[in-house]
Amino acid sequence: MLNLVLLAIAAALVYYSRSTSVVVAATGFALVGYVATDYLIPRVGPSFIKIGLFGKDLSKPGKPVLPECIGAVSATVYLFTMFFCIPCIFYPYLITSTSGGGQRDISVEEAGANSAIFPHSRLSEYLSSVLCLESTILLGIADDLFDIRWRHKFFLPAVAAIPLLAVYYIDFGVTSVLVPGFMQEWLGSKSIAITSIDLGALYYVYMASMAIFCPNSINILAGVNGLEVGQSIVLGVLALLNDSLYLALGTDTTKSSHRFSMVLIIPFIGVSMALFKWNKWPASVFVGDTYCYFAGMVFAVVGIQGHFAKTMLLLFVPQIVNFVYSVPQLFNLVFCPRHRLPKFNEKDGLLYPSRANLKENPPKAFFVPVLRLLGSLHLIDLETDAKTGALVSCSNMTIINLMLVWFGPMREDKLCNLILAFQFVIGVCAIVLRHCIGSILFGHDNLWTIK
């Protein structure tokens, strides 16, 4: 019944978006995406198990078998949703008449809020975004099916981002970054201060690196029911908050870019909310690597196409911290077990920090003092031999285990909610600091630009 009500609301929003805003249309399609994903997941789950796409939930009594790779359902629904969005977004720019002979005549644009919001050139950016996400979803499905090695799949998202970077080069091509006010005279001369630096090809390397980092960072911060989808929803809400600030206070140029961002993010939140319903504790399905890659690439696409890639990266501070914190194990300075999930205790139903055995698998000699320092700072739970002082074990280096080290054992859903709250608070602080400190460092901020 609820889904029928949502569909009715979605139909009304899409219909009235012709005279209101493309954001309203995106909201309508987000509701459609939610209903479609919510309908499909419980019906396709058994089929995934039949073909061998399943996994055991190690944090539940009896380790129940759940369908894996269900994130492919929400990703596919998202793609079809974005296909159906095209007529609603670009219909004012359709050619209504032509003189023939292949001649493209001027289109008739309807007056109202849609005019000049999505110029025809935006279509190439939109289609390149969808193509990039399609390629990323294929990568995720291939990883779920064939369990591709980490060192082989790490750089593949950059290949999927080639259409995105090519369109950015053709339609926008800005590769300059502002220089903070206190550095302008240092880099310039006494009479001329340098206000910006053109990074050229290095800027494209940065954007390609962002396309690599975002999908992999969500994939690394995983292992608790609802965490992969939950952090993606929080990131989406934070991005919408940033977009809303620009719509309220920005210039016409910035408003156009951030409307484009909202059109991509709002349907993503819709399909993710439906997936979260089935993946939150106690989970009925696993999302798989497909969703992690897809979700991360959505934010990379939004940051690049919306021209706020640096701000988007600030929202990923917890993921950056988790990656840096995990580096010793990812690069085998410290033994890294195949699974670094928290350890489930069936007696009390709580999660405890999982541990790496350092007695059987000693860390690199030069890194031993670092481990002792981390232990003294309470950044890991370090166990040593009482007699010899030799290292015995340490908690695995992920934010998930660190939260258990700091706050003690807890139930899986409470752990997930704690990490999501941490993500949201850090993200809000990052947005505030970006716009406040930005105006101090650069002398102005594009959000506070006077019209």
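The values are calculated or read from the model by the stated rules, or taken from the named source; none is laboratory data. Since the structure is predicted, the reported quantities are computational estimates derived from the model, not experimental observations. All Cβ positions, glycine included, derive from the backbone under ideal geometry; neighbour counts span all protein chains shown. Please note that ligands, DNA and RNA were not included when accessible areas were found on the heavy atoms of the full protein model with its side chains. Shrake-Rupley method; radii C 1.70, N 1.55, O 1.52, S 1.80 Å.
I need the full set of residues from the stretch 29-87 which are without any contact (Cβ under 8 Å) to a residue 12 or more places away in the chain and either outside any helix (DSSP H, G or I) or in contact with a strand residue (DSSP E or B) (Cβ under 6 Å, 6 or more places away or on another chain) (or both), in order please.
The answer is ILE51, GLY52, LYS56, GLY62, LYS63, PRO64.
Identify, by number, the condition in (1) at pLDDT 95 or above; (2) buried (at least 22 other Cβ atoms within 10 Å of the Cβ) that LEU40 doesn't meet.
Looking at each condition in turn, LEU40 falls short on (2).
Would you mind telling me which numbered condition in (1) modelled with pLDDT of 80 or more; (2) open to solvent by 40 Å² or more (accessible area, probe 1.4 Å); (3) touching a strand residue (DSSP E or B) at 6+ places or on another chain (Cβ under 9 Å) SER196 fails?
Only one criterion in (1) modelled with pLDDT of 80 or more; (2) open to solvent by 40 Å² or more (accessible area, probe 1.4 Å); (3) touching a strand residue (DSSP E or B) at 6+ places or on another chain (Cβ under 9 Å) is unmet by SER196, namely (1).
Which is part of a strand (DSSP E or B) and either under 30 Å from ALA208 (Cβ atoms) or open to solvent by less than 60 Å² (accessible area, probe 1.4 Å) (or both), of ALA300, ALA356, ALA295?
Values: ALA300 fails: part of a strand (DSSP E or B); ALA295 fails: part of a strand (DSSP E or B).
Within the list ALA300, ALA356, ALA295, the selection yields ALA356.
Could you check, for the stretch 231-248, whether at least one of its residues is under 28 Å from TRP281 (Cβ atoms), open to solvent by 10 Å² or more (accessible area, probe 1.4 Å), touching a residue at least 40 places away in the same chain (Cβ under 8 Å) and more than 13 Å from the chain's Cα centre (by Cα)?
yes
Against the conditions (1) aromatic (Phe, Trp, Tyr); (2) open to solvent by 10 Å² or more (accessible area, probe 1.4 Å); (3) within 15 Å of LEU133 (Cβ to Cβ), where does TYR78 fall short? Just the number, please.
Looking at each condition in turn, TYR78 falls short on (2).
Are any residues in the stretch 377-398 farther than 30 Å from ILE218 by Cβ, assigned to a loop (DSSP other than H, G, I, E, B), open to solvent by 30 Å² or more (accessible area, probe 1.4 Å) and not basic (Lys, Arg), and if so, which ones?
Answer for the stretch 377-398, where residues must be farther than 30 Å from ILE218 by Cβ, assigned to a loop (DSSP other than H, G, I, E, B), open to solvent by 30 Å² or more (accessible area, probe 1.4 Å) and not basic (Lys, Arg): ASP385, ALA386, THR388, ALA390.
Sort out which residues of the stretch 136-163 are within 12 Å of THR76 (Cα to Cα) and either open to solvent by 30 Å² or more (accessible area, probe 1.4 Å) or modelled with pLDDT under 80 (or both), and write them in order of number.
LEU138, ILE141
Of all residues in the stretch 252-284, which are in contact with an Asp or Glu (Cβ under 8 Å, 6 or more places away or on another chain), farther than 16 Å from GLY45 by Cα and in a helix (DSSP H, G or I)?
Answer for the stretch 252-284, where residues must be in contact with an Asp or Glu (Cβ under 8 Å, 6 or more places away or on another chain), farther than 16 Å from GLY45 by Cα and in a helix (DSSP H, G or I): HIS258, ARG259, PHE260, SER261, MET262, ILE265.
Scan the stretch 152-167 and report the pairs whose first residue is in contact (Cβ under 8 Å) with a residue 40 or more places away in the chain and whose second residue is open to solvent by 30 Å² or more (accessible area, probe 1.4 Å) and not hydrophobic (A, V, I, L, M, F, W, C), with Cβ atoms within less than 8 Å and a gap of 6+ or a chain change.
Hits for this filter: ALA158/SER209; ALA160/SER135; LEU165/TYR204; VAL167/SER124.
Can you find a residue that is charged (D, E, K, R), without any contact (Cβ under 8 Å) to a residue 60 or more places away in the chain and in a loop (DSSP other than H, G, I, E, B) anywhere in the stretch 366-374?
So in the stretch 366-374, the residues charged (D, E, K, R) come out as 372.
Subsequent filtering for residues that are without any contact (Cβ under 8 Å) to a residue 60 or more places away in the chain retains 372.
Subsequent filtering for residues that are in a loop (DSSP other than H, G, I, E, B) retains none.
For the stretch 366-374, residues charged (D, E, K, R), without any contact (Cβ under 8 Å) to a residue 60 or more places away in the chain and in a loop (DSSP other than H, G, I, E, B): absent.
All but one of (1) open to solvent by less than 30 Å² (accessible area, probe 1.4 Å); (2) within 20 Å of the chain's Cα centre (by Cα) hold for GLY349, so report the exception by its number.
Against the list (1) open to solvent by less than 30 Å² (accessible area, probe 1.4 Å); (2) within 20 Å of the chain's Cα centre (by Cα), GLY349 comes up short only on (2).
Looking at (1) modelled with pLDDT of 95 or more; (2) open to solvent by 50 Å² or more (accessible area, probe 1.4 Å), which is the only condition HIS307 fails?
(1)
Tell me which residues, restricted to the stretch 254-295, are hydroxyl-bearing (Ser, Thr, Tyr) and closer than 23 Å to ALA142 by Cα.
SER272, SER284, THR290, TYR291, TYR293
Just checking, which of ASN401, ASN332, ASN417 is part of a loop (DSSP other than H, G, I, E, B) and either over 30 Å from CYS429 (Cα atoms) or out of contact with any helix residue (DSSP H, G or I) (no Cβ under 6 Å at 6 or more places or on another chain) (or both)?
Among ASN401, ASN332, ASN417, only ASN332 is part of a loop (DSSP other than H, G, I, E, B) and either over 30 Å from CYS429 (Cα atoms) or out of contact with any helix residue (DSSP H, G or I) (no Cβ under 6 Å at 6 or more places or on another chain) (or both).
For PHE276, state whether it is over 26 Å from LEU123 (Cα atoms) and in contact with a strand residue (DSSP E or B) (Cβ under 8 Å, 6 or more places away or on another chain).
No.
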